[in-house]
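The block underneath contains the structure these notes are about, expressed in structure tokens.
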Amino acid sequence: MNSSTWNTKLLSSLALALILAACKSTPMVDKPAAVEDRSPAAASAAKPAEAAPAAVAETAAVKEVVIDGNAGANGNNPLKDPNNILSKRQVYFDYDSDAVKAEYRPLIEAHAKYLLANRNAKVIVQGNTDERGSREYNLSLGQRRSVAVKKSLNLLGVQDGQIETVSFGEEKATAACADESCAKQNRRADIVYENE
Amino acid sequence: MLIPILRIVLLLVSLCLSGLAHSALEIEISGGGAQQLPIAIVPFAQSQPGSDNLSSIIQADLKRSGLFRLLETAGVTSRPSDISQIKYAEWVALQAQAMAVGKVEALPGNRYNISFQLVDVLKQTQLASVQYNVSANQLRGTAHKIADVIYQKLTGESGLFSSRIAYVAKLNGRYALRVADVDGENAVTMVSSKEPIISPTWSPDGSKMAYVSFEKKKPIIYIQTLSGQRTILANFKGNNSAPAWSPDGSKLAIVLTYGANSQLYTINADGSNLQPLTKSSAIDTEPTWSPDGQWIYFSSDRGGRPQIYKVAASGGDVQRVTFEGTFNLSPRVSPDGKFLAMVRNDGGKYRLALQELASGQVQMLSEGAQDESPSFAPNGRVLLYATRSGDKGALAAVSSDGSVRQRLNESGGDIREPAWGPLIK
């Protein structure tokens, strides 16, 4: 691959990622929090204290990214091609387990291969759990799931610099799952490419 | 064995300052102590009629504890406001064992003078006499203080009504950390966000809270004073969560991942001096301090399933504390240091359990399927926890002997992550 091809590819995949981010309400484009206390001292909280930049977010709103519709014309982004395994991003786990099951080996191998071929690409692995147990324990369990996926990628040669692991615990679980088929959808790690 | 002696519903409109308006915290009580002390709270004499409702606040507090039987005083002709005016025969006939009398005098400058006496009806002796000079916005708090004096004199234990609770409310896709009086009144929002807020915890002096916010797409620990000053305590690589204040308020135990498994650390309350506390390849999380500051209890799956362990606050060897139950999570040590509350997976249901630390004996305290987040009242007598009501989160409280239960619902809201604050001095 020569460098001009690479740049075009990167730009188009970036543009596509932005479109997708704008279309679905992923947490990546969410508006940060604001302190709402209206006591007299609240005014100071709304000032941009160095330690708490989030407190000013209500006034400094996140800029909406307006994407040109034509930018999505690129149909050959392997990450988005439904026929390409790279479009598969979910790794599901058993209850209270962080073992990456054998069935996800092809998926992880494909992403490792992509990351090795595209050294500027970065992924965030987001761990999630179902609602059972405590919120803090589930946060740790979700983290473990994201780390398990990271380690699988590490074993295939991907460096930590290309992977960030985070956990949402049970906070992004489908509310009040009544049955196992629903709950198991929450026990997963999502591989998200930077800027998606 | 629970006997539904009391069953009242108080609709308490909270003064909410956020977008989560029109919510009310509703408190429902069931059960009651085996021996409820009959007590008469005589409506306080008022120099300005209708200027206060102190005696009804005091009555509601005492009733919620489940330890008192509040006697109806409307049929008694006399209305003493001082011990010298009590005609004891009338109150003996009502079967009162104790009674409270008092008066509220309006003073210039929107201030009030409140005097109150607690009387042993059978012995015809004074048990307590207190005077307060307060401003109008302190009347409600003064009623809670009087309820605490009555509670303390008649049970021998310190009170709990002059305290606040915090919880997270989820409504219309937003999360709000709210603080309310223990009777659900005066609810105010400290912070709200589109992203989750979890694990609020009070500083020991009750002046601020530490909590975890996901507003930056990852868990970060913040400290916020009740007056609205907000700082980041911990924003290290990976997750930052599970803050727990040391009893002296100088530092916190926290959980960090640094891109690997959750481990315990301690950090000064100003964010300096980060020290690792545990080093394992397991999940170590949910730290909580013993009241003497010597130990940190935590949950860990180092033995396979999550159980409760403890480690000296200065570090060192880890000791296992729980051995029964498939899972044990969310440890909390009682204020007297004698009991450990936790969430136990009991046949697939998550319920509150209370373990006596000396004997290891365990009592199950709650009856739900998804009960979480136990939090002790400042006197250790009641535990507040999160439960489910239909598909919504609700709060519940249970006395530490399991005899009295309360449910707290916010109409239309989904509330969770309760934290009971210290007594307000």
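For B:Leu329, state whether it is more than 14 Å from chain A (Cβ to nearest Cβ), closer than 29 Å to A:Asp98 by Cα and hydrophobic (A, V, I, L, M, F, W, C).
Judged against the criteria, B:Leu329 is not a match.
Exactly one condition in (1) at pLDDT below 95; (2) within 14 Å of chain A (Cβ to nearest Cβ) is false for B:Phe323; which is it?
Exception for B:Phe323: condition (2).
Could you please find all residues in segment B:284-300 being at positive phi and surrounded by fewer than 19 Cβ atoms within 10 Å (Cβ to Cβ)? Quick ask: steps written out before the conclusion?
As a first pass, look at segment B:284-300 and keep what is at positive phi: B:286, B:293.
Answer for segment B:284-300, where residues must be at positive phi and surrounded by fewer than 19 Cβ atoms within 10 Å (Cβ to Cβ): just B:Gly293.
Go through segment B:172-221 residue by residue and tally those that are within 7 Å of another protein chain (Cβ to nearest Cβ) and either over 22 Å from B:Lys392 (Cα atoms) or not in a strand (DSSP E or B) (or both).
9
Quick check, is B:Gly316 under 24 Å from B:Ala253 (Cβ atoms), outside any strand (DSSP E or B) and free of Cβ contacts under 8 Å to residues at least 12 places away in the same chain?
Yes: the conditions hold for B:Gly316.
Looking for something surrounded by fewer than 22 Cβ atoms within 10 Å (Cβ to Cβ), among the hydroxyl-bearing types (Ser, Thr, Tyr) and either within 26 Å of B:Ser246 (Cα to Cα) or under 18 Å from the mean Cα position of the chain (by Cα) (or both) - is there at least one such residue anywhere in segment B:402-412?
yes
Being assigned to a strand (DSSP E or B), closer than 17 Å to B:Ser55 by Cα and not charged (D, E, K, R) narrows it down to one residue among B:Gln131, B:Gln138, B:Gln126; which is it?
Checking each option against the conditions leaves just B:Gln131.
Specify the residue that is nearest to the chain's Cα centre (by Cα); the eligible residues are those in segment B:124-168 that are within 14 Å of chain A (Cβ to nearest Cβ) and at pLDDT 95 or above.
B:Ala166
Does segment B:168-199 hold any residues that are closer than 21 Å to B:Gln406 by Cα and of a type in the set (Asp, Glu), and which are they?
Scanning segment B:168-199 gives B:Asp181, B:Asp183, B:Glu185.
Which of the residues that make up segment B:226-256 are part of a loop (DSSP other than H, G, I, E, B) and more than 7 Å from chain A (Cβ to nearest Cβ)?
B:Leu226, B:Asn235, B:Phe236, B:Lys237, B:Ser246, B:Pro247, B:Asp248, B:Gly249, B:Ser250
Output the number of the condition that B:Ala260 fails; it satisfies all remaining conditions of (1) out of contact with any helix residue (DSSP H, G or I) (no Cβ under 8 Å at 6 or more places or on another chain); (2) more than 25 Å from B:Glu417 (Cβ to Cβ).
So B:Ala260 meets the others, but not (1).
Scan segment B:110-122 and tell me whether some residue there is exposed (fewer than 12 other Cβ atoms within 10 Å of the Cβ), free of Cβ contacts under 8 Å to residues at least 40 places away in the same chain and touching a Ser or Thr at 6+ places or on another chain (Cβ under 8 Å).
Within segment B:110-122 (the criterion being exposed (fewer than 12 other Cβ atoms within 10 Å of the Cβ), free of Cβ contacts under 8 Å to residues at least 40 places away in the same chain and touching a Ser or Thr at 6+ places or on another chain (Cβ under 8 Å)), the answer is yes, since at least one residue qualifies.
Just to be sure I understand, how many residues within segment B:265-282 are under 28 Å from the mean Cα position of the chain (by Cα) and within 11 Å of another protein chain (Cβ to nearest Cβ)?
Going through segment B:265-282 one residue at a time, the tally reaches 2.
For segment A:156-191, what are the residues that are assigned to a strand (DSSP E or B), facing chain B (nearest Cβ under 10 Å) and at pLDDT 90 or above?
A:Ile163, A:Thr165, A:Ser167, A:Phe168, A:Gly169
The values are calculated or read from the model by the stated rules, or taken from the named source; none is laboratory data. Note that this is a predicted model, so its numbers are computed, not measured. Don't worry about glycine lacking a Cβ; one is built from the backbone with ideal geometry, like all the others, and counts go over all protein chains shown.
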